[in-house]
Each structure stands twice: as structure tokens, then as C-alpha cells.
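Colleague: I am attaching a structure below and will ask some questions about it afterwards.
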Amino acid sequence: MINYAELTTYSYQMINDSLSFSKLLNFFCNCAVNQNGSISEEEIRKAFEFMKARDKQNIEKEVRLSDEQKEKEKQQMDAWYDNCEQMLKAELGKRCEIRNC
């Protein structure tokens, strides 16, 4: 089970570097350890959807950005999260089982 309260400490701006990516990877590894060494693809997908939705809301609240800048920022964030999710699954698959259910 993913601890969404702890997941809120991760954001697009914060995990946009390799050290923070490692922290996010460790977060998911710990989730898997707490579930007998496995985590489902669905749990990972939902966690990334949660982070994307939260960060999109934060971008919308940013008053200093124009609508065009907000849209560009959201597109960059979407692409980054999609890439991050794929990298995370690849690394996570080396450390624990990823269930397809």
C-alpha cells in the first residue's frame, strides 16, 4: 500500500535530479518491502497520477505565469513524469517484483 501522505513530499520540481530520483525509487522499494517484496503496476500508475494531478494544481495556482506558460509547464511536467515512471519501473524491477494485477 502506497503511503500518499509521504508521497506528497515528492514533486516535479523536487525530483528533477538524480539524487531525488533515488529517494523516490527508495520510497517505492520500501512500499514493496512492506508488501512481501512486490508492488503492482497499478499502484505505481496511481501514485504517478496522484503526483501529476497535484503538481498541475500547483501550476494552475501560480499567478506569475501566463496561461501559455502554465500549459507549457504542464506539458513538460507530463513528459518528465512519464519518463520518470518508466525509469523507475526499470530500476524497481531489478530490486523487487512488479505485479501486473
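The values are calculated or read from the model by the stated rules, or taken from the named source; none is laboratory data. None of the values given here were measured: they were computed from a predicted structure. With ideal geometry, Cβ positions are generated from the backbone for all residues, glycine too; neighbour counts draw on all protein chains shown. Quick note on the areas: whole protein, heavy atoms, side chains included, nothing else; ligands and nucleic acids left out. Shrake-Rupley method; radii C 1.70, N 1.55, O 1.52, S 1.80 Å.
Colleague: For the pair A5 and R64, what calculated FRET efficiency results from E = 1/(1 + (r/R0)^6), where r is the Cβ-Cβ distance and R0 = 35 Å, to the nearest 0.05?
Modeller: The computed FRET efficiency comes out at 0.75.
Colleague: Could you provide, to the nearest whole Å², the per residue accessible area of the chain with probe 1.4 Å?
Modeller: About 61 Å² of surface per residue is accessible.
Colleague: Sum up the charges of everything whose Cβ sits under 9 Å from the Cβ of S38, counting Lys and Arg as +1 and Asp and Glu as -1, but leave S38 out.
Modeller: Residues close to S38 contribute a combined charge of 0.
Colleague: Something else now. Suppose the chain between E49 and R99 were pulled fully straight at 0.36 nm per residue; how much longer would it get relative to their current alpha carbon spacing?
Modeller: 16.2 nm
Colleague: Most mobile of K61, K52, K23 per a Gaussian network model of the chain (Cα springs, under 10 Å)?
Modeller: K61
Colleague: Can you give me the relative contact order of the chain as a percent, contacts being Cα pairs under 8 Å and 6 or more apart?
Modeller: 42
Colleague: Return the FRET efficiency for the residue pair S40, D82: r is the Cβ-Cβ distance, R0 is 22 Å, and the value is rounded to the nearest 0.05.
Modeller: After rounding, the FRET efficiency stands at 0.75.
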